[in-house]
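Report on one structure; see the data block that follows.
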Amino acid sequence: SIRNSPYKRDYKLIGFDYFPDTVGSFWCHKNYILPDILRKENEQEWLEEIVSIIKKDKIELLFIGVDFELPLFSKYKSRIEKESNCLVVVSDERVISIGNDKFKTFQFLKENGLYYPETYEPESCDFSMLTFPVIVKPKVGARSVGVSIVDSLDKLEEVLKNTQDPIIQEYVGDDNTEYTCGVISLDGELKHSIALNRTLKAGNTHLSSFSNDTPDIVKQYLKDITDELKPFGSCNYQLRVDTQGIPKLFEINARHSGTTYMRSLFGYNEIIYLLKKLLDDEEYVFNLKEGRAIRYFEEQLIK
């Protein structure tokens, strides 16, 4: 998003990875390999390495783009900021917890009077009252891994046995009514939002489209969710619209999601907005344009 903007020469990009030769590492001026964060015994070493690099390279702003880092960056945000002059763009632990657990996401929506898909834990669900098809998915998961569409009671019992810590969720709308939405929230309020109609391939957004005639009910829904959730920085919501035209959110990614760059192609460059706002206290104005975007694989020669 930065490299393909008019501001690419204004920023030095420092990357962090957990293994070498990621394509993003070749887009940065410098890249570091961190200790394996998934090994609990590495936590303090990881933190010390982060702080040391931030101070050495005088990093002013830290963005997080992968889900497994969120709980730790949220946990240590204050310490990192106190020991350096770097602002960590991450939501608080409450927001991360709600986003990481899909049953907590449902409870958050219901408790705050927001539209929600009916959602059950298997042990407290009366299967005879279900309307098929339903969705079965892990409480904690990403990229549609472990997600099943179930159309009968027999199949439901089989799928539940093979799904780790599952929930059962109402099947909402269809493939044509699914949206991936980006919001920017600062100081506890929604600053900007965009909703892209999308289709999936291998669990990720493959095709997306933006139109200025996004239903008002969807726009208001994004605002209502954000006003109650109060994330910090960018946040991604995934939702579907049901047959009555009601939007129902089923996933929160409290971070820069995989469609960050895709949104920038429509003029919604959230990264530049945050850089300008948080570092320079300048208001970056979006010039949104309608259209369609497609995700594809690309090769890059490296030396």
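For residue 30, go through the aspartates and glutamates and keep the ones whose alpha-carbon is under 13 Å away, minus same-chain ones fewer than eight residues off. Correct list for residue 30: 17, 21, 57. One quarter of the surface of the convex hull around the alpha-carbon atoms of region 200-248 equals 4.6 nm², the direction-averaged projected area.
Report the full-extension gain for the segment residue 147 to residue 209: residue separation times 0.36 nm, less the Cα-Cα distance, to one decimal in nm.
19.9 nm
Projected label points at residue 107 and residue 23, each 7 Å from Cα along the beta carbon direction, are separated by 3.9 nanometres. Of the GluC sites (Glu not before Pro) found in region 60-128, those that fall in a DSSP loop while having at most 15 other beta-carbon atoms within 10 Å are 60.
Normalised by the number of residues in region 15-65, the mean separation of alpha-carbon contacts (under 8 Å, six or more apart) gives a relative contact order of 25 percent. In this rough spin-label picture, where each label sits 7 Å from Cα along the Cβ direction, the residue 58-residue 228 distance is 4.5 nm. Relative to the current alpha-carbon distance between residue 165 and residue 219, full extension at 0.36 nm per residue lengthens the span by 16.2 nm. Positive contributions from Lys and Arg (+1) and negative ones from Asp and Glu (-1), summed over other residues with Cβ under 15 Å from the Cβ of residue 123, come out at -2. Against the compact-protein benchmark of 2.2 N^0.38 Å, the Cα-based radius of gyration of the chain scales to 1.04. Let me know the whole percent of all Cα-Cα pairs from region 61-137 that are separated by more than 15 Å. Of the Cα pairs, 66 percent sit more than 15 Å apart. What shape does region 142-272 take by its C-alpha gyration tensor, where a ≥ b ≥ c are the square roots of the eigenvalues and a/c under 1.5 counts as rounded, a/b above b/c as prolate, and the rest as oblate? Cα axes put region 142-272 in the prolate bin. Using r as the Cβ-Cβ distance of residue 36 and residue 280, and R0 as 35 Å, what FRET efficiency do you calculate, to the nearest 0.05? Efficiency, from the Cβ-Cβ distance: 0.45.
Per-residue accessible area (protein heavy atoms, 1.4 Å probe) orders 22, 205 as 22, 205, starting from the largest. When only Cα pairs below 8 angstrom with a gap of at least 6 residues are kept, region 111-153 shows a relative contact order of 34 percent.
Evaluated over region 134-237, the count of Lys pairs having alpha-carbon atoms less than 21 Å apart is 9 (only pairs 8 or more residues apart or interchain). One chain, two ends: residue 44 and residue 126. Fully extended at 0.36 nm per residue, the span grows by 25.0 nm beyond their Cα-Cα distance.
Measuring with a 1.4 Å probe in the full set of protein chains, what accessible area per residue, in whole Å², belongs to region 81-167? Result: 57 Å² of accessible area for each residue.
The values are calculated or read from the model by the stated rules, or taken from the named source; none is laboratory data. Since we're looking at a predicted model, the values are computed, not measured. Cβ coordinates were reconstructed from backbone atoms using ideal geometry, including for glycine residues, and neighbour counts include every protein chain displayed. Note: accessible area is taken over every heavy atom of the protein model, side chains too, but ligands, DNA and RNA are not part of it. Shrake-Rupley method; radii C 1.70, N 1.55, O 1.52, S 1.80 Å.
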